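Only one structure is covered here, and it is reproduced in the block below.
What follows is calculated from the coordinates using simple rules that are stated; it is not laboratory data. Values in this document were obtained by computation on a predicted structure and should not be read as measured data. Heads up, the Cβs are rebuilt from the backbone with ideal geometry, glycines too, and the neighbour counts pull from every protein chain shown.
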């Protein structure tokens, strides 16, 4: 595929233009409804003596203040409808949409081959892109090939896949489809889709209000005929006229908004296809999935009655073809394929059979949980002080661009990380008991005395089943490579989210006690705690989004200086070298680099560092990416970075909500 970066840029620019058109459509509906209601309010039969119409049609005589009030009421109705739909969708997150379509959760400890393969692909994609592993739903009743990503944030994101997709697609094809959906997550398309859905409902409120008026008017007429035998009165006539016009204007607005929504969705699909190829470096995998959609009798259709409500979220067109394709939320299938495979001539397969299961895949995905799999033998001992090379994708400018933009190399690294985890540990991380045991085991100190103290804490606090699982896993966890620890926690997050609120409360207390057993918090403990709270707290204790405006660099100069000073000091034992690394790193801020200075150790505690991250998290995405880039430059000033520094960087990225792909390889 040629120059997909340019295709992404063009698609983004066109999408922004179409969103502006959507706002214009809303303004047009508000204006037309306001004008009609105002003219109706000026109705006066006495005007017929001096004019050809009983309405005030002279703009120079219009009461602009009254028109403004009417416009505000109409706009308020649209906003109320939008907010209602938005909050309703948000209350259930992505899982509400998946359940609406008849999806069921695919649990991490499933033994079904197709489900295990699907989860494995999702795990690889999540680690490669630097986001939490999302919940996965399977649409068992859907035989077509389709998928979707839904949710308002990365924390409540779900991936939904049809039964047809997991049965008919090979691993490479399914990987292309999942990469397409992950690009929607990384580019924020899910939130855009749901907001557009809310705006559509807001405009629809005008038409629904017209329907209510019509039904009310005709109902009143029927009651009047039964009671008095006369026809409709003036009030009924007004209600019918207003109702008819509101229905016409409201549904005309919905018609226009749907056209724009479809155009927005089509552009985002082209962008997601290009990003999926960037991710997997395999355009033929995604093209193969699209070709099978063209050859399959069920295609990509979704039979569920709710499919039309979220048609713009699907991987393929989930509805029947629209006339002239103006309402199609997806580009033509042939156009998508030809961008991926220019040699394709439209010859779709005559018959699509279930994808064969290779021997390698059977061994990889069908091993019973808890049994040895692809990893055997001793795992080399790890040490936090080892140095690692900065991966080529992380050096200089490319890393800054790689934030929230994973490449094929990141996917390879993620696969290697998962494969290097001993199979029993990997299996344990996929159920509630084992996931807790894994986290407890990662927090156990290698020192004999301190470990004995921590084990006594577990004796009092942890469930007996969790302690038993921990004792079984401890030898493998002790030999785990340091750079694998946080990715292992990522794999455990879905299982930890399945805990009950009481179980999570006990788990959180136990983690805190294990961390505080020696009276201090180490860098890995700090990073692990950040990752756990970042992903689990919003799930068990959701909080409303902050409405505070983003802070500028000048307003956050103290926090940024403190954070970068601590990072520089941790990475370089020599104070002068640490100062030089910071002064070099702040160049990423351009002209505003003079705002920042190297701060003494007394001003840069871990408590201050933690507070700085909370404040920086309220900054704009560009500011947060600059801060991460500066932190990385501090760490790599001496052209090497320790595992401890890498884990700290991961914690920073988590706190600032900037997905960072894996980009470190261990020095041999």
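For this structure, a couple of remarks:
- FRET efficiency, residue 558 to residue 450 (Cβ-Cβ, R0 41 Å, nearest 0.05): 0.70
- For the range 407-540, the relative contact order comes to 34 percent (Cα pairs under 8 Å, sequence separation of at least 6).
- With each label modelled as a point 7 angstrom along the Cα→C-beta vector, the residue 23-residue 606 pair spans 4.5 nm.
- Pair residue 172, residue 72: separation of 7 Å Cα→Cβ label points (nm): 6.3 nm
- Extension gain (nm, one decimal) between residue 513 and residue 615, 0.36 nm per residue minus Cα-Cα: 34.0 nm
- With a Förster radius of 45 Å applied to the C-beta separation of residue 362 and residue 216, the computed FRET efficiency comes to 0.10.
- Whether the range 534-668 is rounded, prolate or oblate, judged on the alpha carbon gyration tensor where a/c under 1.5 counts as rounded: oblate
- Between residue 84 and residue 99, the modelled label-to-label distance comes to 2.2 nm, taking each label 7 Å out from Cα in the direction of the beta carbon.
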